[in-house]
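The values are calculated or read from the model by the stated rules, or taken from the named source; none is laboratory data. None of the values given here were measured: they were computed from a predicted structure. Ideal geometry is used to build each Cβ from the backbone, glycine not excepted, and the neighbour counts take in all protein chains shown. For accessibility, only protein heavy atoms count, side chains too; no ligands or nucleic acids. Shrake-Rupley method; radii C 1.70, N 1.55, O 1.52, S 1.80 Å.
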Amino acid sequence: QAELLQAIQDLAARGIDLNEEYVAICRQKGLEAQLADVFTYLGGLPAGGFDGIFCGQVVEHIVPERLPELIRLMARALQPGGVVVVETPNPENLAIFATHFYIDPTHARPVPAALLVFYMEEVGLGGIRIERRFPAVASSPALAQLPEEVRDSFFGGLDYAAIATKLT
């Protein structure tokens, strides 16, 4: 695990955000960040320029009609063998709706994992896997009283990450 962390720290990375305050915080920490719209930014890049893309807590803010376009632009920006990770709130987790999702008025709609996988497959991404993260029971201990099967089915990870590789 230490080797993985070292490899990640050594990667050249840049970030974009629509929020000037977040961009300023990143820059203060010595990170390369710029104010940009994700569609404009990705659309202006040459094809195959990235070996990896992390898209964290973004897709739930995109209107549903534009989500396939975002996935297509990310796939286009990847070189063959490049990896994309898309993390978003997990709509399979009922607690997400009671506690987190609708508190943010900029959330457009939750994105089910099966839909994200479909869009990824449609643009030639493969090896797709879903990882559920941040168990709800950690932030809501009362859930531990539920039978494990029920808890895992309806109150598993608060978020999930869809991880895919560009095949060609």
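So Thr106 ticks every box in (1) polar (S, T, N, Q); (2) under 15 Å from the mean Cα position of the chain (by Cα); (3) more than 21 Å from Pro135 (Cβ to Cβ) but one. Which box is left unticked?
(2)
When you go through Gln6, Gln28, Gln34, Gln1 one by one, which is the residue that is open to solvent by 30 Å² or more (accessible area, probe 1.4 Å), more than 21 Å from Asp159 (Cβ to Cβ) and modelled with pLDDT under 90?
Selected residue: Gln6, the only one of Gln6, Gln28, Gln34, Gln1 that is open to solvent by 30 Å² or more (accessible area, probe 1.4 Å), more than 21 Å from Asp159 (Cβ to Cβ) and modelled with pLDDT under 90.
Among the residues of the stretch 9-21 satisfying the criterion of being at pLDDT below 95 and over 17 Å from the mean Cα position of the chain (by Cα), which is most open to solvent (accessible area, probe 1.4 Å)?
Gln9
Residues that are surrounded by 14 or more Cβ atoms within 10 Å (Cβ to Cβ): which helices (runs of 4 or more DSSP H) entirely in the stretch 89-154 hold 3 or more of them?
Details: elements: 94-99, 113-122, 136-139, 148-154.
Hits in the stretch 89-154: 94-99, 113-122, 148-154.
Which one of these does Pro80 not meet: (1) modelled with pLDDT under 95; (2) in a strand (DSSP E or B)?
(1)
So which residues in the stretch 44-77 are outside any helix (DSSP H, G or I) and farther than 19 Å from Gly124 by Cα, if there are any at all?
From the stretch 44-77, those outside any helix (DSSP H, G or I) are 44-58, 62-63; that's our starting set.
Of everything in the stretch 44-77, those that are outside any helix (DSSP H, G or I) and farther than 19 Å from Gly124 by Cα turn out to be Gly44, Gly56, Gln57, Val58, Ile62, Val63.
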